[in-house]
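Since every read-out is calculated from the coordinates, none of them should be taken as a lab result. Not measured: the values here are computed from a predicted model. Cβ placement follows ideal geometry from the backbone for every residue including glycine, while neighbour counts extend to all protein chains displayed.
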Number of protein chains: 2
Amino acid sequence: MTTIENPNKKDWSTILKRPTQTVDDIESTVNQVFNDVKLYGDEAIEKYTLKFDNVVLESLLVSKTEIEKASIKVSEDLKQAIQTAKLNIDKFHRAQKTDRVEVETIKGVICWQEKRPIEKIGLYIPGGTAPLFSTVLMLAIPAQIAGCKEIVLCSPPNKEGKIANEILYTAQLCGVTKIIKVGGIQVIAGLTFGTATIPQVYKIFGPGNQFVTVAKQLATKYGVAIDMPAGPSELLVIADDSANAAYVASDLLSQAEHGTDSQVILVSTSKSLIANVSKEIDNQLNELPRKEIAQKSIANSKLIFVESDKIALELINEYAPEHFIICSKNEELYIKGIVNAGSVFIGNYTPESAGDYASGTNHTLPTNGFCKAYSGVNLDSFTKSITFQKISKEGLQNIGNAIELMAEAEGLQAHKNAVSMRLKDIKQK
Amino acid sequence: MTTIENPNKKDWSTILKRPTQTVDDIESTVNQVFNDVKLYGDEAIEKYTLKFDNVVLESLLVSKTEIEKASIKVSEDLKQAIQTAKLNIDKFHRAQKTDRVEVETIKGVICWQEKRPIEKIGLYIPGGTAPLFSTVLMLAIPAQIAGCKEIVLCSPPNKEGKIANEILYTAQLCGVTKIIKVGGIQVIAGLTFGTATIPQVYKIFGPGNQFVTVAKQLATKYGVAIDMPAGPSELLVIADDSANAAYVASDLLSQAEHGTDSQVILVSTSKSLIANVSKEIDNQLNELPRKEIAQKSIANSKLIFVESDKIALELINEYAPEHFIICSKNEELYIKGIVNAGSVFIGNYTPESAGDYASGTNHTLPTNGFCKAYSGVNLDSFTKSITFQKISKEGLQNIGNAIELMAEAEGLQAHKNAVSMRLKDIKQK
């Protein structure tokens, strides 16, 4: 843990630098898999599942029976918890529905905007040591609200060729029935080109390791949209003397346990709080089962003292954290002033893990400073907006001359003609 | 022009295939320019402007005096037309503002979503034979409404080292004052990395040729967002006997004059309309100054007869046109049923050129079938949504247990601790 006091503004970017990732070396692997899946479909999918996951699958699709059996194995307590989370996530995302926006821009010219669902989507749920069934909630619930027709969920199989019970239970709870037991580069390629078993989709959602991230980036080159570019998870806390040092430490640790490349930062206007949080981290760290991981990312973390909330806000907007916790007497200043953040948590009783699981907000968020331009996943991520217009004879008379002049000035005579011909007829009638 | 009757559904994808583009061969050039601009900044910008545009620039920035002089040279008529268009575009995009969405998902848990502007953006306006000042309106107006702080407009210089008067006039009318006289790959690289003269931005908007398109794609690899992938322009018209063949022909030609790779398609339930439109195209084509271009893209165009509106709708949703004109007795069926389109034009007096210039809708739209997943440019394109949450002690008691159970099941003990520690304190007080 490094403590830094009053850093010079010109050093901010160095201090706030994220752990670097290089992707160039895995691009050739990703290209190879894409080419193979494009040419050989399911055969290539199976080949790479054997190679990367060390599994031979009987079927790429999860059967109804498998889903039913999995659901039975999930404890009633956990089912209740998942259902509570589902209710809140559903409520918050349903509230994001927007009405059609209609304007008569000038008499006789009616323009409107409507959102329509993206018809075919793929949801990627990582496998690995922990079954991230919470991500199923975060992606499948808004997809259902938006009205996406074909929702394909993909997740890598474990060594027994299975997907975790919790993931299967949550998927069926959210109405997702097409579940593919394939992960990694090969399934992103499958969703991009389509195979006999894996449907081709228009947009791919979900987190993943570096291979999945590069594969999603390559998918965009083939015209498939993605939710956002991904990077290691991160948290920045602003806290002053009104904060509880133990709580702040627990939040920093909850982010640190994600992976050794996670980044946690504390910014504070109080030197004593920084000292207390530092002590609390040492105390709490020892109790954690994922201690080794948390220790490594904590080692890279920064505790930054600044003189004022104004400077703090500026520094935070430059860093653009994925998760941003505010425990400050001046919380309003931060709420109003934050421009670059993925999701914001306010007050001593709002731990970041609330948003990870059950408060209702989405946890699929832009990392790596991407929140400067990208939103986290929300209802709109599953729709696209279409504009409509209907112009009456009177309307065309109102704007026709402007169109003619502008089209002519841009050297597009046929654009002008389309209007002139109609205006001529209207005049003659 | 090829006329096709009742095509078999399995042949749709072949019939509707767009002119193919290969980009692999220009990727190495784009990579080279990016590397040079990253290393050498403005020096590389100047080098490539000399190489690609054959111009030595005194300054990369357009001066205040240049803008003033340019404005004087634009005719009063054209200024009036541009101002009419600006009013309508402003009205339609301003109506797209959304309020904060706030929900108490469960007692004591308040979640909300707010949109904040993307602070730094770049707008690319192509140069070439015609000055596309209308695109300045389409990008700068919503950027201003959204509240973007730094708006940088870039456009390639002509042989005299200048940007067209109309572009400069429109830019200052829309409040854009930072105008860079650089185009092509080199300016996209400049906006990506920043140079002494060109600011680094978070998102790049605007159309361009293949080089610009590939450069924008590469920019996303460096974390810069883009509006959408681009391709040649396209129009699909559905028309029946209620349509006016001359008008339909004029609309198809207005799209065809954009470039030899533009694609225009007529789908109709009336064989006589198809015959009449075909005749009208031949008549009108001869009068066009851009006849040679229009002729080539018309040669690739398709006139498709289908038996019913139902089949037509299905075919249109599969094609996913950028521009979609409806001239049909059954217009409601198409308005309700269209899922994949960029912008929709309804009725005999709504030519596509209205939306290109002055009705109020945006003309920066997804081509190449990308409207299956992407929206056209709209107000939201210049913002990102951030979620906020504030949880009271009561709120944490309501969802705390669910979080604990889910975190534990995902193997994330520190996530659980952050809640348990707080719940324990609340109970004791």
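A few notes on this one:
- Taking region A:24-226 and dividing mean pair separation by its residue count, relative contact order in percent (alpha carbons under 8 Å, at least six apart): 28
- Taking all Cα pairs closer than 8 Å and separated by 6 or more residues, the relative contact order of region A:302-429 comes to 18 percent.
- Whole-angstrom gap from region B:201-259 to region B:348-427, using each part's C-alpha centre: 28
- Pairs of lysines in region B:127-231 whose Cα atoms sit within less than 16 Å of one another amount to 8, provided the residues are eight or more positions apart or on different chains.
- Coarse-grained scattering of region B:1-111 at q = 0.10, 0.15, 0.17, 0.22 Å⁻¹, given as base-10 log I(q)/I(0) from a Debye sum over alpha-carbon atoms: -0.92, -0.97, -0.96, -1.17
- Extending 7 Å from the Cα toward the beta-carbon at both residue A:242 and residue A:307 defines two label points whose distance is 2.3 nm.
- Backbone N under 20 Å from the residue A:39 label point (7 Å along Cα→Cβ), restricted to region A:166-190: A:185-190
- Using every pair of distinct Cα positions in region B:46-152, the Kirkwood expression returns a hydrodynamic radius of 17.7 angstrom.
- Positive-pole candidate from A:198, A:61, B:146, dipole of the protein assembly as shown, charges at beta carbon: B:146
- Percent RCO, i.e. relative contact order, over chain B, from Cα pairs under 8 Å lying at least 6 residues apart: 20
- Crossing angle, helix A:133-146 versus chain A [Cα axis fit, 0-90 degrees, rounded to tens]: 20
- Annotation for region A:1-97: trypsin sites (Lys or Arg not before Pro) lying in DSSP loop with at most 15 further Cβ atoms inside 10 Å of their Cβ are A:17, A:97.
- Rounded FRET efficiency, nearest 0.05, which uses the C-beta distance separating residue A:221 from residue A:94 and R0 of 35 Å: 0.55
- Selection of trypsin sites (Lys or Arg not before Pro), region B:269-348, meeting DSSP coil and at most 14 other Cβ within 10 Å: B:329
- Most to least packed among B:318-326, B:390-398, B:367-375 [average Cβ atoms within 10 Å]: B:318-326, B:367-375, B:390-398
- Helical contribution to [θ] at 222 nm, DSSP H n ≥ 4, -39,500 (n - 2.57), averaged over chain A, rounded to 500: -14500 deg cm²/dmol
- Residues residue A:73 and residue A:51, FRET efficiency given R0 of 30 Å [Cβ-Cβ distance, rounded to 0.05]: 0.55
- Around the Cα centre of region B:55-185, unit charges on the Cβ atoms of Lys, Arg, Asp and Glu (plus for the first two, minus for the last two) sum to a dipole of about 100 debye.
- Legend: translational diffusion of region A:231-375 by Stokes-Einstein, Rh = Kirkwood radius over C-alpha pairs, 20 °C, 1.002 mPa s; D = 144 µm²/s.
- Where Rh is the Kirkwood radius over Cα pairs, Rg/Rh for region A:295-429: 1.32
- Straight-line cross-link partners of residue B:115 among the aspartates and glutamates, defined as a Cα under 14 Å from its Cα and at least 8 positions apart when in the same chain: A:380, B:99, B:102, B:380.
- Kirkwood Rh in Å, taken over region B:24-226 so that all alpha-carbon pairs contribute: 18.0
- Between residue B:65 and residue A:278, the simple label model (points 7 Å from Cα in the Cβ direction) yields a spacing of 5.8 nm.
- Whole-number D in µm²/s for region A:194-315 (Stokes-Einstein; Kirkwood sum over Cα pairs; 25 °C, 0.890 mPa s): 147
- Angle in degrees between helix B:271-285 and the longest Cα principal axis of chain B, rounded to the nearest 10: 80
- Three-way shape label, chain A, alpha-carbon gyration tensor, a/c 1.5: oblate
- Electrostatic tally near residue B:95: other residues with Cβ closer than 12 Å to its Cβ, Lys and Arg +1, Asp and Glu -1, net 0.
- Candidate aspartates and glutamates for bridging to residue B:69, where Cα separation is under 20 Å - those fewer than 8 sequence places away on the same chain excluded: A:410, B:58, B:77, B:160, B:166
- Counting only alpha carbon atoms, the long axis of helix B:42-53 and the longest principal axis of chain B meet at about 20°.
- Charge dipole of region B:298-375 (Cα centre as origin; +1 on each Lys and Arg Cβ, -1 on each Asp and Glu Cβ, all else neutral): 60 debye, rounded to the nearest 20.
- Span per principal axis, largest first, for the Cα atoms of the protein assembly as shown (Å): 86, 66, 48
- Ranking B:340, B:247, B:319 by how far each Cα lies toward the positive end of the dipole of region B:231-363 (charges on Cβ) leaves B:247 at the top.
- Taken about its Cα centre, the protein assembly as shown carries a charge dipole of about 780 debye when Lys and Arg each add +1 at the Cβ and Asp and Glu each add -1 at the Cβ.
- For region B:178-253, chymotrypsin sites (Phe, Trp or Tyr not before Pro) are listed when DSSP marks them as loop and at most 15 other Cβ atoms sit within 10 Å of their Cβ; the list is B:222.
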